1. Sort through Ser233, Ser213 and tell me the only one that's closer than 27 Å to Ala261 by Cα and either of a type in the set (Asp, Glu) or open to solvent by 50 Å² or more (accessible area, probe 1.4 Å) (or both).
2. If you go through the range 141-187 one residue at a time, how many are within 16 Å of the ligand (Cβ to nearest atom) and open to solvent by 40 Å² or more (accessible area, probe 1.4 Å)?
3. Of all helices (runs of 4 or more DSSP H) completely enclosed by the range 287-378, which ones contain at least 1 residues that are within 16 Å of the ligand (Cβ to nearest atom)?
4. Find the residue count for the range 64-73, including only residues that are open to solvent by 10 Å² or more (accessible area, probe 1.4 Å) and small (Gly, Ala, Ser).
5. Among the residues of the range 191-229, how many are part of a loop (DSSP other than H, G, I, E, B), among the aliphatic types (A, V, I, L, M) and free of Cβ contacts under 8 Å to residues at least 40 places away in the same chain?
6. Does the range 195-210 contain any residue that is surrounded by 14 or more Cβ atoms within 10 Å (Cβ to Cβ), over 22 Å from the mean Cα position of the chain (by Cα) and of a type in the set (Lys, Arg)?
7. Which of the residues that make up the range 77-91 are of a type outside the set (S, T, N, Q) and open to solvent by 60 Å² or more (accessible area, probe 1.4 Å)?
8. Give me the pairs, please: first residue somewhere in the range 46-63 and farther than 15 Å from Gly125 by Cβ and open to solvent by less than 10 Å² (accessible area, probe 1.4 Å), second residue anywhere and within 16 Å of the ligand (Cβ to nearest atom) and of a type in the set (Gly, Ala, Ser), beta-carbon distance under 6 Å, and either six or more positions apart or on two chains.
Amino acid sequence: MDSTDITAKRTLLTDTSLEIIMAHQHAGGAFVASPSFSQYGYSWLRDNTYNAYALLLYGQEEGTMRYLNWVSGTVLKHRLIIEQLPGKLETGGPLANSDFLGARYTVDGGNDESDWPNFQIDGYGSWLWLLSQYLEKIQLQEIPGKWLESVHLVLQYLSMVWNIPNSDCWEEHPDHIHPSTLACVAGGVKAISRYLDPSARAAAETLAGTIRSFIIQYSHPSGRFPKYIGSESIDASLIWLSTPYKIFPADHPLMRNTVKAIERQILEEGGVKRYPEDTYYGGGQWIILSAWLAWYYLEEGSPEKARPLLDWIIRQQKDDGTLPEQVLARTNDPSMIRPWEERWGPVAAPLLWSHAMYLIVDYQLSGYYTIQKEKNHA
Ligand code: BGC
């Protein structure tokens with residue numbers, strides 16, 4: 001593909017991605033993860049942070065605001081869970097998934113009643129982070145009154161659960177603590193802290209600092225972050241510790257070593273896998289993760305490394321305009337593609353989160369060159 005071709009495809013993918021995300025936002029503010037994949041008809045806080053963030057970057061603040069509203073309303077609807085948790089934790093007995101807030105809901109904020117692991121806390125931290133980005137973009141100095149109560153409930157919830165093992169962002173390993181989950185929690189708490197009153201701000205800063213120290217304390221002996229505390233493996237979601245949650249700067253030695261391990265073990269020709277042992281649909285290359293590595297490279301100041309990843313994503317756009325969740329050209333275990341296809345059908349496409357991550361990097365990369373140009377002319 002020559003460069004004219006890729007430029008035209010980039011423009012097309014940008015337009016299509018925005019259209020897809022906007023078309024699948026429900027009136028109440030939620031987005032389903034994938035409108036055409038049987039298992040993805042829920043609204044995940046994790047995916048949606050980025051769907052709503054992409055809208056914010058592309059001037060669609062109203063959509064972002066409606067999503068923020070939806071989460072706030074959903075938290076208030078389930079507030080009893082937060083209010084009863086201190087008592088339940090105090091008894092010291094085993095707790096059920098239903099004692100915690102969900103990772104995903106129906107579009108009207110109802111529970112997912114299936115037996116899919118639902119205790120995952122990253123999305124609540126991400127929501128706080130998104131809110132801080134929204135407030136900054138529309139230049140508000142304070143959290144609007146309508147969201148104050150849910151923000152405080154979420155802060156209270158995160159302060160109780162951050163060090164309880166829960167499923168990771170891939171909805172696996174419920175018995176472990178995952179640094180990438182902690183990145184979302186500490187990142188969200190830290191980002192929203194400057195909008196809080198002085199005593200709540202101090203508590204939030206202390207919590208974020210405690211989580212950061214914990215992550216350092218449990219880093220891998222080889223000087224990088226582990227997939228989960230005590231694991232020997234690596235995971236692409238560890239990039240979140242730097243981008244976008246800024247718990248560690250891009251050039252922090254632990255971060256650099258983590259990215260080196262990701263490059264060595266799970267990056268292949270522009271496509272990034274989740275982790276070396278992944279066998280979901282064989283364990284292929286994920287659009288969102290290639291975008292994440294590109295975003296990290298931009299923050300690190302290496303646009304020349306980001307560009308090929310973006311081009312790889314652009315080449316994965318299907319004829320119907322959609323981006324899939326993952327690409328199966330290079331998988332960890334090809335024998336696992338068939339069983340998953342038989343179980344749930346072809347890989348999800350469109351995956352709204354894939355489109356959102358493409359948009360975010362496309363935006364950052366354009367901004368990067370604009371800033372460089374301005375610097376050169378100054
Ligand atoms: C992924 C999650 C994601 C969900 C919906 C799952 O397969 O592991 O990260 O939130 O799909 O897209």
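The values are calculated or read from the model by the stated rules, or taken from the named source; none is laboratory data. A quick note: this is a predicted structure, and the numbers were derived from the prediction, not measured. FYI the Cβ positions are ideal-geometry reconstructions off the backbone, even for glycines, and counts take in every protein chain you see. Surface areas here come from the heavy atoms of the whole protein model, side chains and all, with no ligands, DNA or RNA. Shrake-Rupley method; radii C 1.70, N 1.55, O 1.52, S 1.80 Å.
1. Details: Ser233 fails: either of a type in the set (Asp, Glu) or open to solvent by 50 Å² or more (accessible area, probe 1.4 Å) (or both).
Answer to the check: Ser213.
2. Number satisfying all stated conditions: 4.
3. Once the helices (runs of 4 or more DSSP H) in the range 287-378 are filtered for at least 1 residues that are within 16 Å of the ligand (Cβ to nearest atom), what remains is 287-300, 337-344, 352-377.
4. Pass one, the range 64-73, residues open to solvent by 10 Å² or more (accessible area, probe 1.4 Å): 65-66, 69-70, 73.
Among the residues that remain, those that are also small (Gly, Ala, Ser) are: 73.
Counting residues in the range 64-73 that are open to solvent by 10 Å² or more (accessible area, probe 1.4 Å) and small (Gly, Ala, Ser) gives 1.
5. So in the range 191-229, the residues part of a loop (DSSP other than H, G, I, E, B) come out as 194-197, 218-219, 221-223, 225-229.
Subsequent filtering for residues that are among the aliphatic types (A, V, I, L, M) retains 196, 229.
Narrowing further to those that are free of Cβ contacts under 8 Å to residues at least 40 places away in the same chain: none.
Of the residues in the range 191-229, 0 are part of a loop (DSSP other than H, G, I, E, B), among the aliphatic types (A, V, I, L, M) and free of Cβ contacts under 8 Å to residues at least 40 places away in the same chain.
6. Looking for residues that are surrounded by 14 or more Cβ atoms within 10 Å (Cβ to Cβ), over 22 Å from the mean Cα position of the chain (by Cα) and of a type in the set (Lys, Arg), one finds at least one in the range 195-210, hence yes.
7. Step one: list which residues in the range 77-91 are of a type outside the set (S, T, N, Q), which gives 77-83, 85-90.
Hits for the range 77-91 are Lys77, Arg79, Leu80, Glu83, Lys88, Leu89, Glu90.
8. That search, which allows pairs on different chains as well, returns Asn51/Ala356; Ala54/Ala356.
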